[in-house]
1. Which residues, counting only those in segment 158-203, are of a type in the set (S, T, N, Q) and either in contact with a strand residue (DSSP E or B) (Cβ under 6 Å, 6 or more places away or on another chain) or at pLDDT 95 or above (or both)?
2. Out of segment 141-197, which residues are over 30 Å from Ala123 (Cα atoms) and either of a type in the set (Phe, Trp, Tyr) or in a strand (DSSP E or B) (or both)?
3. Could you check how many residues of segment 79-106 are over 20 Å from the mean Cα position of the chain (by Cα), part of a loop (DSSP other than H, G, I, E, B) and touching a residue at least 12 places away in the same chain (Cβ under 8 Å)?
4. Any residue in segment 33-51 that is without any contact (Cβ under 8 Å) to a residue 40 or more places away in the chain sitting within a Cβ distance under 9 Å of a residue that is part of a strand (DSSP E or B) and of a type in the set (S, T, N, Q)? List the pairs, counting only those 6 or more apart or interchain.
5. For segment 164-193, name all the residues that are farther than 22 Å from Ile101 by Cβ and touching a residue at least 60 places away in the same chain (Cβ under 8 Å).
6. Which condition from (1) over 22 Å from Asn192 (Cα atoms); (2) modelled with pLDDT under 95 is the one that Thr42 breaks?
7. Return yes or no: is Ala132 more than 26 Å from Glu70 (Cβ to Cβ) and among the aliphatic types (A, V, I, L, M)?
8. For segment 113-143, which positions are at pLDDT 95 or above, more than 15 Å from Val159 (Cβ to Cβ) and of a type in the set (S, T, N, Q)?
Amino acid sequence: MATRTKPQEETPNENDINLLSEEREENIMPETEIKYERLNNTCKVNFLNTTPKASTPKWDIIGRGIPSKENSYGAKTSDEHWIIEDNERHSVDGYSLGSDIEQTAIKGDGVFEYIDDLMYRLAKGSELETQALEIYKYRVDETGSIPKYDARLFNVLIVIDTDTLEGGNPYKLKYKIQVQGDPTFGKVTFTNGKPEFAENTGN
């Protein structure tokens, strides 16, 4: 009886393996390469209107003498436990947005002099109301001749906390910038380094 010989399987050579690897890489690579960029502490800038009673706001940058600014969103949640489920459900109904600020006193800085005057006068009520502008520098539309940055305009209340004198250390102020109600979303352009805000229109 004749013996059937099993056909020998071909072992792919190194060139075949390399071509196969390249083909697989081409299949998983995106059509356009994504460029990643680490954002730093200047990716957002904040301004305070230091002339709230004037017809035109005077936007002074928030930052001189301030080592950190943290937005606390203070999410307001509702909890509900349905009788047909073992675990609770949750929803976010709104926010209590604000920032606690500690600022080294720098004479000549617009924000310091504005806050210092509120403290000096023991301001209260509507005297403490102004506006804050938060600009997202990394969210920019550069299709036109002038870059347009996403921004949020807030009505805010300045809540005075403390001023501190300590031996060997600079004079410091502490206060809170507390958001009042809903923000206005829009775009900011800069003219001579000063922001100009325009509300978004349409969808």
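The values are calculated or read from the model by the stated rules, or taken from the named source; none is laboratory data. All figures in this text were calculated on a predicted structure; none of them were measured in a lab. Virtual Cβ from ideal backbone geometry, glycine too; neighbours counted across all protein chains shown.
1. The answer is Thr162, Thr164, Asn169, Gln178, Gln180, Thr184, Thr189, Asn200.
2. Those that are over 30 Å from Ala123 (Cα atoms) and either of a type in the set (Phe, Trp, Tyr) or in a strand (DSSP E or B) (or both): Asp141, Lys148, Tyr149, Asp150, Gly186, Lys187, Val188, Thr189, Phe190, Thr191.
3. Looking only at that region, the number is 2.
4. Matching pairs, first to second residue: Thr51/Thr130.
5. Of everything in segment 164-193, nothing turns out to be farther than 22 Å from Ile101 by Cβ and touching a residue at least 60 places away in the same chain (Cβ under 8 Å).
6. So the condition that Thr42 fails would be (1).
7. So Ala132 fails the test.
8. Correct list: Gln131 only.
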